[in-house]
1. What residue, among those in the range 132-145 that are of a type in the set (Ser, Thr, Tyr) and open to solvent by 10 Å² or more (accessible area, probe 1.4 Å), is farthest from the ligand (Cβ to nearest atom)?
2. For the list (1) β-branched (Val, Ile, Thr); (2) surrounded by fewer than 21 Cβ atoms within 10 Å (Cβ to Cβ); (3) not in a helix (DSSP H, G or I), I need the number of the one condition that residue 312 fails.
3. Would you say residue 37 is away from the ligand (no atom under 16 Å from the Cβ), at pLDDT below 95 and not acidic (Asp, Glu)?
4. Go over the candidates 267, 285 one by one and state the one that is hydrophobic (A, V, I, L, M, F, W, C) and in contact with a Leu (Cβ under 6 Å, 6 or more places away or on another chain).
5. Does any residue in the range 169-187 that is more than 18 Å from residue 248 (Cβ to Cβ) and acidic (Asp, Glu) come within less than 6 Å, Cβ to Cβ, of a residue that is modelled with pLDDT of 95 or more and open to solvent by 20 Å² or more (accessible area, probe 1.4 Å) six or more places away or on a different chain, and which pairs are these?
6. Determine if the range 348-356 includes at least one residue that is β-branched (Val, Ile, Thr), without any contact (Cβ under 8 Å) to a residue 24 or more places away in the chain and more than 30 Å from residue 279 (Cβ to Cβ).
7. Please specify each residue of the range 44-81 satisfying the condition of being in contact with an Asp or Glu (Cβ under 8 Å, 6 or more places away or on another chain) and not aliphatic (A, V, I, L, M).
8. Just name the residue that is nearest to the ligand (Cβ to nearest atom) out of those in the range 194-206 that are open to solvent by 30 Å² or more (accessible area, probe 1.4 Å) and outside any loop (DSSP other than H, G, I, E, B).
Amino acid sequence: MQIEQGPIRPPSEASSLLIRITRNCPWNKCAFCKTYKGKQFSRRPVEDILRDIDTVAQVAKQVRQISWNKGWGSRVNSTVVSEAGSRYGYLHYHVAQWLYYGGKNVFLQDANSLVLKTDDLVRIIQYLRTALPSVERITTYARANTVARKSVDELRELREAGLARMHMGMESGSDIVLKMIQKGITAKQLIEAAQKVKAAGISLCWYIMPGLGGREHSREHALETAAVINQGNPDYLRFRTLSVLKRTPLYEMMSSGAFTPLDEDEVIREQRLLLESLEGVTTTVVSDHMLNLLQELGGTLPGDRDKMLGIIDRYLGMTPEEKANYQLGRRAGIYAIMDDMQNQNRFLYIEKILKRIKNPEELKLELAKMRSQFM
Ligand code: SF4
C-alpha cells in the first residue's frame, strides 16, 4: 500500500499525518528557495487524494490490529510503531507514529493548497474527517496572494469544514526585500490575507526570515516586517533564519556582491529591532527551526516582550570568545539553548574544536557551511 507525499512540512507538524493534495510550488521563484526547483507544479485529481485517505484508513486499521493482537487494545505505543514499520514499511511506520501522537493532526501538502477550488478543498477536508474520525486539526501552507483572492465567506467555509490553521511564508514585510527575493507578494497582500484569514476564524502562522534583507536592507527588513505584523497580528510568528543555499538566485547575488549576508550577531540585532518595534499584537513568537541561533527565543506578546528582549541581550552581552563557543556548539547540535554552555563537558568539547579554527573569518565560513546542512 502506498500514498503520495511531498518533501516538506513545518517543524510544528512533525507529528501530523501528511496528505499531498498538490505537487510542488505554483510560484517556485523565491530567490532563497530550492525545495521544488526544477519540479513542475500540478493539482492532484481529487479522486486520487480521496483514495490516499482511504489507504491511510486501512493502514490505521492494520496498525491498531497489531496493538490488539498484543493485548494492548487500540492504544498505539512505540513497540507497535517499530513493528508496523519493520513488518510493512514506511507508510505503516508514518501512520503508526501519527496514531502514537493521538492521530489528531493532518497537514495538507505541498506549498500552496489554497490554489485548489474552494469546493474541492472543502470536499477533501470533509472526506478526511469522515474517513479518519480521530482527526481534530487540519492545517496547510498557503501563499498570501492566493488567500487574498479568496472571499472571507470562502475561507469561512474552509474553517467550518475543518481547516484550522494556515502556515504562510511571509519572509519579510518590506516591499523592497520581497521584490529583491522575488517573493511575488506585497506587504499589502500580506495584511489583506491576514485580515481575511482571521475574520474567517482560521489560525494564522507567519514565517519570517531574519537576515533576508542582507546588510543592504537589514533595517528596512526589521522595521517594515514589524509594521506588517502590527497590522496583521498573526496568531503565531515563527523565525526561520536565512541560510544562503548554493544553486539559488540568492547565492548568485551573494557571489556577485549584490547581497551581503549578515553574520550571527547582526541577525540577532535585527531580530531585536523587529521585536522591539512590535506594538499592540497578541502574537505567540516561536523559534523552533534549527537554523535559529536562539531557539529559546519565544513567548506571547505583549506579556513576554521583556523576557524575549532579555534572551537576546543575554546573548549579545557574551564575550566574543563565549559567543564563538555558543555559535559553534549550537550549529554543531551540541547546544539547544544558552544554558547548555554550563555543562563543562560540552563546553570543553567545543573549545577543543574551536582551537582548530584559525581565525574569526574561518569560523564564519564553518558556521555558514553547517547552517546550509540543516536544509
Ligand atoms: S512560495 Fe514557498 S515553496 Fe514556493 S518558491 Fe517561494 S518559498 Fe519556495
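1. Within the range 132-145, the subset of a type in the set (Ser, Thr, Tyr) is 134, 139-141.
Among the residues that remain, those that are also open to solvent by 10 Å² or more (accessible area, probe 1.4 Å) are: 134, 141.
Values: 134: 29, 141: 7 Å.
Across the range 132-145, the extreme among qualifying residues is 134.
2. Single failed check for residue 312: (3).
3. On the way: away from the ligand (no atom under 16 Å from the Cβ): no; at pLDDT below 95: yes; not acidic (Asp, Glu): yes.
Judged against the criteria, residue 37 is not a match.
4. Details: 267 fails: in contact with a Leu (Cβ under 6 Å, 6 or more places away or on another chain).
Exactly one of 267, 285 is hydrophobic (A, V, I, L, M, F, W, C) and in contact with a Leu (Cβ under 6 Å, 6 or more places away or on another chain), namely 285.
5. Between residues of the range 169-187 that are more than 18 Å from residue 248 (Cβ to Cβ) and acidic (Asp, Glu) and residues that are modelled with pLDDT of 95 or more and open to solvent by 20 Å² or more (accessible area, probe 1.4 Å), the close pairs are 175/186.
6. Looking only at the range 348-356, we keep the residues that are β-branched (Val, Ile, Thr), and these are 350, 353.
If we keep only those that are without any contact (Cβ under 8 Å) to a residue 24 or more places away in the chain too, we end up with none.
Scanning the range 348-356, I find no residue that is β-branched (Val, Ile, Thr), without any contact (Cβ under 8 Å) to a residue 24 or more places away in the chain and more than 30 Å from residue 279 (Cβ to Cβ), so the answer is no.
7. Residues of the range 44-81 in contact with an Asp or Glu (Cβ under 8 Å, 6 or more places away or on another chain): 44, 46, 48, 52, 66.
The answer is 44, 48, 52.
8. Residues of the range 194-206 that are open to solvent by 30 Å² or more (accessible area, probe 1.4 Å), as a first pass: 195-196, 198-199, 201.
Pick out the ones that are also outside any loop (DSSP other than H, G, I, E, B) and you get 195-196, 198-199.
Values: 195: 21, 196: 19, 198: 21, 199: 23 Å.
Only one residue tops the list, namely 196.
The values are calculated or read from the model by the stated rules, or taken from the named source; none is laboratory data. Please read all numbers here as calculations on a predicted model, not as lab measurements. All Cβ positions, glycine included, derive from the backbone under ideal geometry; neighbour counts span all protein chains shown. When the accessible area is computed, the model is the full protein with side chains, heavy atoms only, and any ligands, DNA or RNA have been set aside. Shrake-Rupley method; radii C 1.70, N 1.55, O 1.52, S 1.80 Å.
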